[in-house]
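The values are calculated or read from the model by the stated rules, or taken from the named source; none is laboratory data. Note that the structure is predicted; figures quoted are calculated from it, not measured. Please note: Cβ atoms are built from the backbone with ideal geometry, for glycine as well, and neighbour counts cover all protein chains shown. For the accessible areas, the whole protein counts, side chains as well, though only heavy atoms, and no ligand, DNA or RNA atoms are used. Shrake-Rupley method; radii C 1.70, N 1.55, O 1.52, S 1.80 Å.
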Amino acid sequence: MSKDGIAVEIRDVYKSFGGGRYQVFKGLNLVVPKGDVTFVLGPSGVGKSVMLKHILGLLQPDSGEVLIFGEHIPYKDSRGLNEMRKHFGMLFQYAALFDDMTVFQNVSFPLVEHRKGLTREEMRRIVAEKLEAVGLQPETSMDKFPSELSGGMKKRVGLARAIVLEPEILLYDEPTTGLDPVTRAMVDDLIVDTNKRFGLTSIVISHDIPSALYSANHIAFLFDGQIVFWGTPDQFRKTDHPMAREFLDAEERHRKEMHA
Ligand SMILES: Nc1ncnc2c1ncn2[C@@H]1O[C@H](COP(=O)(O)OP(=O)(O)OP(=O)(O)O)[C@@H](O)[C@H]1O
Ligand SMILES: [Mg+2]
């Protein structure tokens, strides 16, 4: 893969907490190809969220490096860090909308912060365009409050907010956790469609195997401080890594029991 084709690269990262007592990463390596949907899977507590924080430069490795579009994260330069973070949009678990704000206010929030000088009309136009892109009708949804929306619609609004500044890389932390099967399938499609429509790179932190097998171009499996598997969904299905296997087999068992 050419250097130009890489959005995020993590090189030999070590990270521990508690003065070195608790080692989360022990030589973590990951390459995220530009344009792809990459799922990072792994059991709870393995360090998936800590990895996201390293990609955003919110945490710094003890050793090793993280590169965004080939550039080192400028940890000591707060303006450089801000610039770097403009590459990213983020969809939080449970969408994390502000309950006392309308859909318009929620989605335009990053515009108010980062694109000062836009008129209200310009903002409404940008917000409408993003709502439409995630499958919501702008006229009927803009003035609603989150409490008036279904779970799936909230996800769409959260996604509209994540893309409103037109980032190049979209990060999702557990986008399907706690959703009903229909909404889950909708979110799977939304991840793929949004990635394509805006020519993005998407990184999805998850423990949802069916979602990953369906939506991912590449799957990375994080275990014991390292990426122990990286490959396509088809390759993942056939992995012989014991922990990844256990994950896949548990999922398979669960599905069989559901259909029994
Ligand atoms: N700031 C911190 N200080 C100390 N320990 C931390 C810190 N952040 C994370 N950890 C520890 O690092 C480990 C990895 O946490 P992380 O939240 O990344 O797991 P995860 O894979 O995202 O789990 P889950 O699937 O439950 O969200 C955990 O044991 C956690 O307690
Ligand atoms: Mg987490």
- Query: Give me the pairs: first residue in region 31-50 and assigned to a loop (DSSP other than H, G, I, E, B), second residue open to solvent by less than 30 Å² (accessible area, probe 1.4 Å) and within 12 Å of ligand 2 (Cβ to nearest atom), beta-carbon distance under 8 Å, and six or more apart or on different chains, which are they?
  - Reply: GLY42/LYS48; GLY42/LEU222; VAL46/LEU222; GLY47/VAL24; GLY47/LEU222
- Based on what the data block shows, is ASP62 within 14 Å of ligand 1 (Cβ to nearest atom) and in contact with a Ser or Thr (Cβ under 7 Å, 6 or more places away or on another chain)? yes
- Query: Which is in a loop (DSSP other than H, G, I, E, B) and touching a residue at least 40 places away in the same chain (Cβ under 8 Å), of THR177, THR194?
  - Reply: THR177
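So, in region 154-185, of the ones that are open to solvent by 60 Å² or more (accessible area, probe 1.4 Å) and in contact with a Ser or Thr (Cβ under 9 Å, 6 or more places away or on another chain), which residue ends up farthest from ligand 1 (Cβ to nearest atom)?
Kept after step one, since they are open to solvent by 60 Å² or more (accessible area, probe 1.4 Å), are these residues of region 154-185: 154, 165-166, 168, 178, 180-182, 184.
If we keep only those that are in contact with a Ser or Thr (Cβ under 9 Å, 6 or more places away or on another chain) as well, we get 168, 184.
Values: GLU168: 24, ARG184: 17 Å.
Across region 154-185, the extreme among qualifying residues is GLU168.
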- Of the candidates SER147, SER202, the one satisfying the condition of being open to solvent by 60 Å² or more (accessible area, probe 1.4 Å) and either in contact (Cβ under 8 Å) with a residue 24 or more places away in the chain or closer than 24 Å to LYS34 by Cβ (or both) is SER147
- Criterion violated by PRO242 - all others in (1) modelled with pLDDT of 90 or more; (2) more than 16 Å from the chain's Cα centre (by Cα); (3) more than 27 Å from SER16 (Cβ to Cβ) satisfied: (3)
- On the given criteria, is ASP99 more than 16 Å from ligand 2 (Cβ to nearest atom), open to solvent by 60 Å² or more (accessible area, probe 1.4 Å) and in contact with a Ser or Thr (Cβ under 8 Å, 6 or more places away or on another chain)? yes
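Consider ARG161 carefully, then state whether it is closer than 24 Å to MET243 by Cβ, part of a helix (DSSP H, G or I) and away from ligand 2 (no atom under 16 Å from the Cβ). Give the derivation first.
Numbers: closer than 24 Å to MET243 by Cβ: no; part of a helix (DSSP H, G or I): yes; away from ligand 2 (no atom under 16 Å from the Cβ): yes.
It is false that ARG161 is closer than 24 Å to MET243 by Cβ, part of a helix (DSSP H, G or I) and away from ligand 2 (no atom under 16 Å from the Cβ).
Would you point out which residue out of VAL107, VAL66 is surrounded by 14 or more Cβ atoms within 10 Å (Cβ to Cβ), assigned to a strand (DSSP E or B), away from ligand 2 (no atom under 16 Å from the Cβ) and among the β-branched types (Val, Ile, Thr)?
Numbers: VAL107 fails: assigned to a strand (DSSP E or B).
Residue meeting the stated conditions: VAL66.
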- Message: Go through (1) more than 12 Å from the chain's Cα centre (by Cα); (2) part of a helix (DSSP H, G or I); (3) of a type outside the set (Val, Ile, Thr); (4) closer than 22 Å to PRO33 by Cβ for ARG184 and report which single condition fails.
- Response: (4)
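Kindly evaluate LEU136 against the criterion of being assigned to a loop (DSSP other than H, G, I, E, B), more than 16 Å from ligand 1 (Cβ to nearest atom), among the hydrophobic types (A, V, I, L, M, F, W, C) and open to solvent by 20 Å² or more (accessible area, probe 1.4 Å). Don't jump to the end; show me each part of the working.
Details: assigned to a loop (DSSP other than H, G, I, E, B): yes; more than 16 Å from ligand 1 (Cβ to nearest atom): yes; among the hydrophobic types (A, V, I, L, M, F, W, C): yes; open to solvent by 20 Å² or more (accessible area, probe 1.4 Å): no.
In short, no.
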- Task: Select from region 76-93 the residues that are within 16 Å of ligand 1 (Cβ to nearest atom) and more than 27 Å from VAL187 (Cβ to Cβ) and list them in ascending order.
- Result: none
- Inter-residue pairs, beta-carbon under 8 Å, first free of Cβ contacts under 8 Å to residues at least 12 places away in the same chain and in region 101-130, second open to solvent by 20 Å² or more (accessible area, probe 1.4 Å) and outside any helix (DSSP H, G or I), 6+ apart: GLN105/PHE98
- Item | Every residue from region 35-52 that is over 14 Å from the mean Cα position of the chain (by Cα) and either open to solvent by 10 Å² or more (accessible area, probe 1.4 Å) or within 9 Å of ligand 2 (Cβ to nearest atom) (or both) | PRO43, SER44, GLY45, VAL46, GLY47
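Step by step: first the residues of region 76-92, then only those that are assigned to a loop (DSSP other than H, G, I, E, B) and open to solvent by 60 Å² or more (accessible area, probe 1.4 Å), then the one that is modelled with the lowest pLDDT. Which residue is that? Spell out the reasoning first.
To start, the set of residues in region 76-92 that are assigned to a loop (DSSP other than H, G, I, E, B) comprises 76-77, 86-87, 92.
Narrowing the set further to residues that are open to solvent by 60 Å² or more (accessible area, probe 1.4 Å) leaves 76-77, 86, 92.
Numbers: LYS76: 94, ASP77: 95, LYS86: 90, PHE92: 82.
Here the residue is PHE92.
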- Task: Give just the number: which of (1) at negative phi; (2) loosely packed, with under 15 Cβ neighbours inside 10 Å; (3) part of a loop (DSSP other than H, G, I, E, B); (4) not aliphatic (A, V, I, L, M) does GLY117 not satisfy?
- Result: (1)
